[in-house]
Amino acid sequence: MPVELKTDKNNLPIKITVDLAGRQAVAQIWEVKVGRSSLYLLDTNIQENAPDIRNITAALYGGDSETRIQQEILLGIGGIRALRALGINPAACHMNEGHSAFLGLERIREIMQEKHFNFDEAHEALWPTNIFTTHTPVPAGNERFEIGLMDKYFRSWPQVLGLAWKDFLSLGRERPYDDSETFCMTVLALKLAAYANGVARLHGDVSRKMWKNLWPGLPLDEIPISHVTNGVHPRTWVSSNMGDLLMRYFGTHFEDTPTDLSVWNRMDRISDEELWRTHERRRERLVVFARERIRQNLKRNGAVERRLAHAEDALSPYILTIAFARRFATYKRGNLLLRDPERLIRLLKDPDHPIQLIFAGKAHPHDMPGKELIRSIVHFAEEHDVQSRLIFLENYDMAMAHYLTSGADLWLNTPRRPLEASGTSGMKAAMNGVLNCSVLDGWWDEAYEPEVGWAIGQGEEYQDTNLQDEVESKALYDLLEREIIPLFYQRGRDGLPREWIRLMKSCMRTIGQSMSSHRMLMDYCNKFYFPALKNYRRIVKDDYAESKALAAYLTRLRQAWDQIRILKIESNSKPVMLRGDSLTVTARIELGPLKPEEVMVELYHGSVSNQANEIQDARHTEMKAVGQEGNVFIYQIRIECTSTGMQGHTVRILPKHEALVHPYRSGFIKWA
């Protein structure tokens, strides 16, 4: 394999150790070169370790909670130590999913030891340089550990960090001092990172709702979790045939300057005939590949020759081919199309306009309902004698994904909204001209428009999942019967489906630009990486003077917060005000021992909904201290009335310090 064991100047393997409940786990480091980037792999399968520790890095999804906490200690704490051992000292770290969140603790421990900081000073030094991406809205995907397990593996850490045991546990709890709550890796990552994001626009919304309790009192749209929509690497996923065609019409610019996404605007230069011929060639290769895989599986299972011959009849290279390929979790509803067997069989066996379905994917080893989904698909094909038109391909891997995402005509995706964070297989298919038909969830919620594919439903969310399945399966059948199948088989005298090809071009142009990994990387750089690096350069000046000052400020704020009171709000508002009128708002505020420059007093204003009587689409504008009466400070602001309808306003107080990346620190918000 293209991996290299990392060695020191004496040609001995570089090794790191982590403590696992009083036992030392040793790991060596392998390097994989991915283009010009390095991927480092930690490996405990070495002589120094006991057999159970050697198995820690054997399988990603194997074992129980104890295996998982061992893996995540190795990944997070061991990962940072491995980088240090290799002479790599990152200024900023990106925790990609909560599994690596222990790296935040290790970074804090390092700087406390090196600089003799207390925990708060170390936290403020590293918080602005940590980025966290959450990848799943499914509760089971956000790992939680029982307190007994945390006690076993982290009992010594509070002493190292200078924290009480309960304060340490509070780092992983939504309700900091609730003894019944487990320790959540996502919560830990959110508390240790200044920057956080979901992986699609809708997933950002869902994540803010999921984790709003970490910022009590903060409006939902201000929860500091944004989004960067996932993307896929075009040169990896565009098939060789389609890639050759694009290179011919896009020029070398396509490969040489991948961040110039405007090159996809050249799609219209490609002739319909060439694009369709290339796509048909891909469909033929998919059919050949599928038949060979079926033969291999039948042979391995000891099938008789007559059954093997059936593999030659599987699929046709000439009819509408629909692919459904992904991890088989129940919320992805791989069997949604099987809810009305009669209707489906009619589509499969239609003599003039038939369809064929290819399913592929794997279930999590412990996901029995997911495995049952796969079994139901295989049994459906056998029971209704449609094995030649409905097949399930085993051992889904990247090679198979290449054939499917480039050879299908339609990519089907049926998750139960809003449980799909992003999804990427549909992007890979779209860049090959494969049209998508999907529920408005994940990436498709923001990418869908009628010119690039079809939407199942209109983004509804249901309490009754059975009703949801019934409604959306019917909507899917209607789309297939009334729009998708007729459009595919609508041919001109030249035999080309011109309207289908027009959608292919539009899909490739739009998705090639918006869902490219190059766009994604630029988003991460501009929103997170560059600001985090800028923070680092500022923080390290004068031996972290800014971090120490911020930690001292937050300690003072914590002690004084309960003494802050908004005593009175006055305004010159009238029952009816006209657009262009000025509204002056005055607030009288007690700050206790704090000075006016140490807090941000804001006017929070906007339209009021009649039902909930809440301010909607709010704007917040900082107020200025204009006077003082004893220990009461007077704040004032004048704004212009710009919106019509019922309006509302109130006043709130937030922290204010030049070193804060944002003012939304948990527990620090006070409303009038």
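The values are calculated or read from the model by the stated rules, or taken from the named source; none is laboratory data. Nothing here was measured: the structure is a model prediction, and the numbers come from that model. Neighbour counts are summed over all protein chains in view; Cβ atoms, including those assigned to glycine, are modelled from backbone coordinates with ideal geometry. Heavy atoms of the whole protein, side chains included, go into the accessibility calculation; ligands, DNA and RNA do not. Shrake-Rupley method; radii C 1.70, N 1.55, O 1.52, S 1.80 Å.
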### Query
So which pairs qualify, if the first residue must be in segment 71-95 and without any contact (Cβ under 8 Å) to a residue 24 or more places away in the chain, the second must be open to solvent by 20 Å² or more (accessible area, probe 1.4 Å) and assigned to a helix (DSSP H, G or I), the Cβ gap must be under 7 Å, and the two must be at least 6 apart or on different chains?
Pro90/Leu83
### Query
Is it the case that Glu114 is assigned to a helix (DSSP H, G or I) and without any contact (Cβ under 8 Å) to a residue 24 or more places away in the chain?
yes
### Message
For segment 540-556: of the residues being touching a Lys or Arg at 6+ places or on another chain (Cβ under 8 Å) and surrounded by 13 or more Cβ atoms within 10 Å (Cβ to Cβ), which is farthest from Leu594 (Cα to Cα)?
### Response
Tyr544
### Query
Does any residue in segment 489-510 that is in contact (Cβ under 8 Å) with a residue 60 or more places away in the chain and of a type in the set (Val, Ile, Thr) come within less than 9 Å, Cβ to Cβ, of a residue that is in a loop (DSSP other than H, G, I, E, B) and exposed (fewer than 13 other Cβ atoms within 10 Å of the Cβ) six or more places away or on a different chain, and which pairs are these?
Thr510/Glu449; Thr510/Glu451
### Task
Report yes if some residue within segment 630-648 is within 30 Å of Phe119 (Cβ to Cβ) and within 40 Å of the chain's Cα centre (by Cα); otherwise report no.
no
#### Entry: Residue identified as free of Cβ contacts under 8 Å to residues at least 24 places away in the same chain, outside any strand (DSSP E or B) and open to solvent by 70 Å² or more (accessible area, probe 1.4 Å) among Lys574, Lys568
Lys574
## Note on the structure
Filtering segment 233-278 down to residues that are part of a helix (DSSP H, G or I), of a type in the set (Ser, Thr, Tyr) and surrounded by 16 or more Cβ atoms within 10 Å (Cβ to Cβ) yields Tyr249, Thr278
### Message
Can you tell me which residue is modelled with the lowest pLDDT among those in segment 294-309 that are in contact with a helix residue (DSSP H, G or I) (Cβ under 8 Å, 6 or more places away or on another chain) and open to solvent by 40 Å² or more (accessible area, probe 1.4 Å)?
### Response
Arg307
### Task
Output the residues belonging to segment 98-128 that are open to solvent by 20 Å² or more (accessible area, probe 1.4 Å) and acidic (Asp, Glu).
Glu110, Glu114, Asp120, Glu121
### Message
Against the definition (open to solvent by less than 60 Å² (accessible area, probe 1.4 Å) and touching a strand residue (DSSP E or B) at 6+ places or on another chain (Cβ under 6 Å)), how does Ser609 come out, yes or no?
### Response
yes
### Summary
Residues of segment 129-159 being part of a helix (DSSP H, G or I) and open to solvent by 50 Å² or more (accessible area, probe 1.4 Å), in sequence order, are Pro139, Ala140, Gly148, Asp151, Lys152, Gln159
